[in-house]
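Structure first, commentary second.
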Amino acid sequence: MGESNELNARSAHELLPLILKGEITALVVCEAVLSAIDAQDAEVNAYITVDKEGALAQADSVDKRLANGEDVGPLAGIPVALKDLICTQGLLTTCGSNILPDFVPPYDATVTQRLRHAGAVIPGKLNMDEFAMGSSNENSARGPVRNPHATDRVAGGSSGGSAAAVAANETVLALGSDTGGSIRQPASFCGVVGLKPTYGRVSRYGLVAYASSLDQIGPLGRNVTDTALLYDVIAGHDKSDATSADLAFEPTLPSINKGVEDFVVGVPTEYFAEGLDAEVRARVEQGIAALEAAGATTREVSLPVAGHPDYVIASYYVVATGEASSNLSRFDGVKYGLRVEGEDLGDTYCCTRSAGFGDEVKRRIMLGTYALSAGYYDAYYLKAQRVRTLIKQDFERVFEDCDVLAAPVAPTPAFRIGEKVDDPLQMYLSDIYTVAVNLAGIPGISVPCGASSEGLPIGLQLLAPPFEESRLFRAARVVESEGGSTT
Amino acid sequence: MAVTVHDVRKVAQLARLKFDGAEERRLVDDLNQILTYVAALDELPTDDVEPTAHVLPLSNVFREDAPHGALSQEAALSNAPRSGHGHFRVPKVIE
């Protein structure tokens, strides 16, 4: 989709110097993105809200400030669309839910503020699984996102709108959020680059919470350079988020082309076991071969707990749903969103929540409430937190000898819309290679490494120790330049 | 520890959710399927393992006890389904 010579299809790092030199305006770039949305989004369904007027005004302001000789910032005039759970002052934020049909945030999330200060233009808010709970975007109250590479297929989830909008050139860059794979898996399905940063690296202030100890906001782009550019704008300490890491941040962009000659790449055997699609395996192995060809040393490693599908999925769903059941108690029909009046205040809470939440959200609230309830806390929640420690230790041990790990992102390419909606457990299993990363808090990136025989994109996942995102970009650049990119 | 309809009703009440009979039966099945799967964790000996609630070594993040800007009352109430006289309005709680 989209002509490659059109401005909306160009990369951010190509557009930036043209905008800064005045060869093109931010306004025409913004118009190109808006016309791609007009032309395609009825089918792709990547956007929940398109802010035409706001985006054009922001672009115009960038052009005017540039004409005055002002320093506009590292994303001057670049369109960056936001997953619809990131607060944007004055712009509708729905979380893909019927319980928030009309919530207009009175403040900006920290990442939104940073984008505005960097000169970015925000074309709108992107479709997602309701409250980020899902792996296919079929749990959105606004309907599923369609994969731009094959519109009968899912775009992945929960940041499906973010990945599809980038892939379909309906934006240049996007932000998503990743709680158990929600940036990396849709990036893989849609053939784009997506980074889940280290927990605490990017502020969660103004991100509507799903599972607070796992959630991270991260960038998606059509290439590694663009993704690093956006990451450098959003990363860093923020006093408004008490879980933000108070560590110095060094921009990653200057080092992305340093190569991998000095890298030891660990290949976890458990991630290549039964259940991995043969074509996915072949493309991922090609990507790893590209790293070897570029001078990296590869080594088989073992992650007995963090690589065990049942242990990671089970502990993830107990921890995530427990935190969700608490976080989502705020939606009670009093402060914002839907209210369905009942017989009294308690009944109003029940009526509002039962009418407003979708089935998967209710299922997860129920599971989390059960796992935290008296008599079950030790057996489920505490047990899952202990297993979480084992998962974290698995990664710490292998990173003593490896710089990065290489693995698949998902066991298959994008599946068909409707294929897994009736079986929650099957749907949860599409996250087997991604959830351990969130439980351990480490960073991970999905980078395209080829396509299936049906032309469906396949992503390679790279993992690094905490705060070593620059290693991910360096390795991902090598995979990308060896011909992995499908867009 | 199989989940029953009784459990589902009790948990629904804790979670402030309501379900009809068909939804309750579906939840009994779903929760049992998921919890049976979760029981795989029992294979791992963890008695000597500390739980991880949070991955960063952070505790008690303090800030200066100094007043700073906050949302205005009007902005804070701007999304309320019902408000009046500077308050959120809810159904009568005390008879």
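Can you work out ³J(HN,Hα) from phi for every residue in the stretch A:161-172, in order, using Karplus 6.51 cos²θ - 1.76 cosθ + 1.60 and θ = phi - 60°, giving whole Hz and x for Gly and Pro?
x, 5, 5, 5, 5, 5, 5, 8, 6, 8, 7, 9
In square angstrom and rounded to 100, what buried accessible area do you get between chains B and A, total over both, with the probe at 1.4 Å? Please report the intermediate quantities before stating the final value.
Working: alone 9710 and 17590 Å², together 21980 Å².
Counting both chains, the buried surface is close to 5300 Å².
Give the Debye-formula value of log10 I(q)/I(0) at each listed q (0.20, 0.22 Å⁻¹), with one equal scatterer per alpha carbon of the stretch A:309-385, two decimals each.
Relative scattering, expressed as log10 I(q)/I(0), comes to -0.84, -0.93.
With all protein chains present, calculate the accessible area of A:Asp152 using a 1.4 Å probe and round the result to the nearest 10 Å².
It works out to around 70 Å².
Taking all protein chains in place and a 1.4 Å probe, what share, in percent, of the accessible surface of chain A do carbon and sulfur account for?
Working: 7050 of 15070 Å².
The computed percentage sits at 47.
For chain A, what is the calculated [θ] at 222 nm in deg cm²/dmol (nearest 500), taking -39500 (n - 2.57) for each run of four or more DSSP H residues and dividing by its residue count?
Numbers: 15 runs with 177 residues, N = 487.
Mean residue ellipticity, 222 nm, calculated: -11000 deg cm²/dmol.
Solvent-accessible area of A:Lys420, probe 1.4 Å, all protein chains present, reported in Å² to the nearest ten, please.
We get 40 Å² for A:Lys420.
Loop-only check: which chymotrypsin sites (Phe, Trp or Tyr not before Pro) in the stretch B:1-71 are DSSP coil with at most 13 other Cβ within 10 angstrom?
Working: sites: B:Phe19, B:Tyr37, B:Phe62; in loops: B:Phe19, B:Phe62.
Counting only loop positions with at most 13 other Cβ atoms within 10 Å, the chymotrypsin sites (Phe, Trp or Tyr not before Pro) in the stretch B:1-71 are B:Phe62.
For B:Glu50, what accessible area in Å² do you get when you roll a 1.4 Å probe over the heavy atoms of the protein chains, rounding to the nearest 10?
For B:Glu50, the solvent-accessible surface is approximately 140 Å².
Indicate the gyration tensor shape class of the stretch A:1-129 (rounded, prolate or oblate), computed on the Cα atoms with a ≥ b ≥ c the square roots of the eigenvalues: a/c under 1.5 is rounded; otherwise a/b larger than b/c is prolate and the rest oblate. Walk me through the intermediate numbers first.
Numbers: a/c = 2.39, a/b = 1.37, b/c = 1.75.
It is oblate, given that a/c is not under 1.5 and a/b is not larger than b/c.
With only alpha-carbon pairs counted, each pair once and no self-pairs, how large is the Kirkwood hydrodynamic radius of the stretch A:210-286 in angstroms?
Working: mean 1/r = 0.0617 Å⁻¹.
It is 16.2 Å.
With 10 Å bins from zero, work out the P(r) of the stretch A:30-71 over every alpha carbon pair and list the percent per bin.
Histogramming the stretch A:30-71 at 10 Å steps yields 26, 42, 22, 10, 0 percent.
Is chain B rounded, prolate or oblate when judged by the Cα gyration tensor, a ≥ b ≥ c being the square roots of its eigenvalues, rounded requiring a/c under 1.5 and prolate requiring a/b larger than b/c?
Working: a/c = 3.66, a/b = 1.31, b/c = 2.80.
Here chain B falls in the oblate category.
Residues of the stretch A:268-310 losing 50 Å² or more of accessible area relative to the isolated chain, 1.4 Å probe, heavy atoms only?
none
Which net charge results when you count Lys and Arg as +1 and Asp and Glu as -1 among the other residues whose beta-carbon is under 9 Å from that of A:Ser452? Could you put the intermediate results ahead of the total?
Working: positive: A:Arg283; negative: A:Asp277, A:Glu279, A:Glu454.
Cβ neighbours under 9 Å give a net charge of -2.
For the stretch A:357-487, count all C-alpha to C-alpha pairs, find those more than 21 Å apart, and express that count as a whole percent of the total. Don't skip to the end; give the middle numbers.
Details: 4750 of 8515 pairs.
Tail fraction, whole percent: 56.
What number in nm² do you get for chain A if you take the convex hull of its Cα atoms and divide its surface by four? Mind showing how you got there, number by number?
On the way: hull surface 85.9 nm².
If you wrap the Cα atoms of chain A in a convex hull and average its projections, you get 21.5 nm².
Given N residues in the stretch A:72-118, what is Rg(Cα) / (2.2 N^0.38 Å)? Please list the in-between numbers first.
Values: Rg = 11.8 Å, N = 47, 2.2 N^0.38 = 9.5 Å.
That works out to 1.24 for the stretch A:72-118.
Hey, if we sort A:His237, B:His68 by accessible area with the 1.4 Å probe, largest down, what's the order? Don't skip to the end; give the middle numbers.
Numbers: A:His237 70, B:His68 130 Å².
Ranked list, largest accessible area first: B:His68, A:His237.
Note down the magnitude of the dipole of chain A about its Cα centre, charges +1 on Lys and Arg C-beta and -1 on Asp and Glu C-beta and zero elsewhere, to the nearest 20 debye. Write down the numbers at each step before the final one.
Numbers: 39 positive and 63 negative charges, 116 e Å.
Charge dipole, chain A, about its Cα centre: 560 debye, nearest 20.
How big is D for the stretch A:267-363, in µm² s⁻¹ as a whole number, if Stokes-Einstein is applied with the Kirkwood radius of its Cα pairs at 4 °C and 1.567 mPa s? Please report the intermediate quantities before stating the final value.
Working: Rh = 17.7 Å.
Taking Rh from Cα pairs, D becomes 73 µm²/s.
Tell me, which residues of the stretch A:321-339 get at least 30 Å² less accessible area when the other protein chains come in, versus the chain alone (1.4 Å probe)?
In the stretch A:321-339, residues shielded by partner chains: A:Val334, A:Lys335, A:Arg339.
At 7 Å along Cα-to-Cβ for each site, give me the label-to-label distance between A:Gln426 and A:Ala248 in nm.
Label-label distance for A:Gln426 and A:Ala248, simple model: 5.3 nm.
Roughly speaking, what is the centre-to-centre gap between the stretch B:54-88 and the stretch A:266-321 when only Cα atoms are used, to the nearest Å?
When both Cα centres are located, 42 Å separates them.
Please list, in chain and number order, the residues 5+ apart from A:Ala109 or on another chain whose amide H is under 5 Å from its amide H, with Hs placed from the backbone.
HN-HN under 5 Å from A:Ala109: A:Cys87, A:Thr88, A:Gln89.
Write down the accessible area per residue of the stretch A:1-108 in Å², having rolled a 1.4 Å probe over the full set of protein chains. Don't skip to the end; give the middle numbers.
On the way: 4520 Å² over 108 residues.
That works out to 42 Å² per residue.
If you count the DSSP beta bridges with both ends in chain A, what percent of them are antiparallel, to the nearest 5? Don't skip to the end; give the middle numbers.
Numbers: 31 of 44 bridges.
That works out to approximately 70 percent antiparallel.
For the pairs A:Lys335/B:Lys10; A:Lys420/B:Lys18; A:Lys52/A:Lys335; A:Lys335/B:Lys92; A:Lys383/B:Lys18, flag any whose C-alpha to C-alpha distance is greater than 20 Å.
Values: A:Lys335/B:Lys10 26 Å; A:Lys420/B:Lys18 25 Å; A:Lys52/A:Lys335 28 Å; A:Lys335/B:Lys92 16 Å; A:Lys383/B:Lys18 29 Å.
Check vs 20 Å cut-off fails for A:Lys335/B:Lys10; A:Lys420/B:Lys18; A:Lys52/A:Lys335; A:Lys383/B:Lys18.
Once you've got the GNM for chain B with C-alpha springs shorter than 10 Å, pick whichever of B:Asn79, B:Asn32, B:Asn60 has the biggest mean-square fluctuation.
B:Asn79
The values are calculated or read from the model by the stated rules, or taken from the named source; none is laboratory data. In this text the structure is predicted, and so the values were computed from the model without any measurement. Note that we place each Cβ from the backbone using ideal geometry, even for glycine, and neighbour counts take in every protein chain shown. Side chains are part of the model used for accessible areas, which takes the heavy atoms of the whole protein and leaves out ligands, DNA and RNA. Shrake-Rupley method; radii C 1.70, N 1.55, O 1.52, S 1.80 Å.
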